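**Q** I'd like to ask some things about the structure below.
The values are calculated or read from the model by the stated rules, or taken from the named source; none is laboratory data. Only a predicted model underlies this, so the values are computations on that prediction, with no experimental measurement involved. Note that we place each Cβ from the backbone using ideal geometry, even for glycine, and neighbour counts take in every protein chain shown. With ligands, DNA and RNA removed, areas are computed over all heavy atoms of the protein, side chains included. Shrake-Rupley method; radii C 1.70, N 1.55, O 1.52, S 1.80 Å.
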Amino acid sequence: EEVGLEAAGEDDDAGSAVDLEKGAATAVQDDKNDEDDEDDEDNEDSEAEAAAAGKRRKRRLTRPALGVKSITLIAVNLVLVGALGWLVTEARALEAEEKAIAQVTFQAKQAAEDLSSYDYRTIDADLKRATDHTTGNFRNEFSGMTGSVKPSATSRQAVVEGTAVRTSVESVESGGRKAIVLVYLNQTSAVGSTGARTPSQYTVRMVMQKVGDRWMVSQLNML
């Protein structure tokens with residue numbers, strides 16, 4: 001019986017050893033399976049990262065082309081904006097020049113007529129009106145001449161009337177502050193009580209200066 005017990009004990013020990021070996025083998029296999037699973041997950045993560053990196057590279061590769069298009073569009077827009085700004089500036093300058101020409105034409109015509117007209121009966125008012133069209137040194141010159149015009153016109157009972165038949169602007173300086181104007185005049189003169197009128201024609205070349213909102217004569221020459 002002791003031998004049987006010993007044999008049974010040995011069998012039990014042998015079974016336990018086999019069970020332990022099986023358990024160890026199973027544990028090793030589980031560990032290996034876990035490692036394989038981890039490797040698979042790592043591979044999947046690596047593949048996902050590689051795919052994402054590929055997409056990023058692809059986006060980087062396509063960005064320069066998009067950037068060139070964008071820069072081209074911006075450059076075109078800037079050129080168009082610049083051209084539009086230039087056109088607007090030119091249009092405004094042309095409009096200002098046309099406005100200046102219209103103003104100086106009208107005021108030069110009035111000035112030429114008043115400077116070439118007077119009536120001995122209203123001589124003071126006529127000479128004052130004429131002087132009001134002048135400026136600068138020419139104003140002083142004209143004022144000096146009026147001193148001799150008044151007694152002569154009164155003694156001869158002179159009536160002189162100038163009419164502008166044509167006014168032409170030769171030039172308007174940049175900034176619209178100075179202009180040169182030609183005025184073609186018909187003038188009639190009557191002396192004494194007979195009322196007979198003597199016609200004459202001549203042209204005056206006037207330098208017009210912008211003073212405030214008025215164009216005034218700064219120089220006058222007979223042609």
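**Q** Could you check the range 200-221 and list, in sequence order, the residues that are surrounded by 13 or more Cβ atoms within 10 Å (Cβ to Cβ) and among the charged types (D, E, K, R)?
**A** Across the range 200-221, the qualifying residues are 205, 210, 214.
**Q** Let me ask something else about it. Scan the range 135-167 residue by residue and report those that are modelled with pLDDT of 95 or more and among the hydroxyl-bearing types (Ser, Thr, Tyr).
**A** 135, 163, 167
Condition check ((1) under 14 Å from residue 214 (Cα atoms); (2) at pLDDT 95 or above; (3) surrounded by fewer than 18 Cβ atoms within 10 Å (Cβ to Cβ)) across all residues:
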| residue | (1), (2), (3) |
| --- | --- |
| 71 | no, no, yes |
| 83 | no, no, yes |
| 91 | no, no, yes |
| 97 | no, no, yes |
| 102 | yes, no, yes |
| 112 | no, yes, no |
| 119 | no, yes, yes |
| 123 | no, yes, no |
| 126 | no, yes, no |
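**Q** Could we say that residue 125 is closer than 26 Å to residue 105 by Cα, without any contact (Cβ under 8 Å) to a residue 24 or more places away in the chain and in contact with a helix residue (DSSP H, G or I) (Cβ under 9 Å, 6 or more places away or on another chain) here? Give the derivation first.
**A** Numbers: closer than 26 Å to residue 105 by Cα: yes; without any contact (Cβ under 8 Å) to a residue 24 or more places away in the chain: yes; in contact with a helix residue (DSSP H, G or I) (Cβ under 9 Å, 6 or more places away or on another chain): no.
Spelling it out, it is not the case that residue 125 is closer than 26 Å to residue 105 by Cα, without any contact (Cβ under 8 Å) to a residue 24 or more places away in the chain and in contact with a helix residue (DSSP H, G or I) (Cβ under 9 Å, 6 or more places away or on another chain).
**Q** Out of everything in the range 173-199 that is within 27 Å of residue 218 (Cα to Cα) and free of Cβ contacts under 8 Å to residues at least 12 places away in the same chain, what residue ends up being least open to solvent (accessible area, probe 1.4 Å)?
**A** Checked the range 173-199; the qualifying residue least open to solvent (accessible area, probe 1.4 Å) is 175.
**Q** Also, quick follow-up: So residue 157 fits all but one of (1) touching a helix residue (DSSP H, G or I) at 6+ places or on another chain (Cβ under 6 Å); (2) open to solvent by 40 Å² or more (accessible area, probe 1.4 Å); (3) farther than 26 Å from residue 194 by Cβ; (4) polar (S, T, N, Q); what number is the exception?
**A** All conditions pass for residue 157, except number (3).
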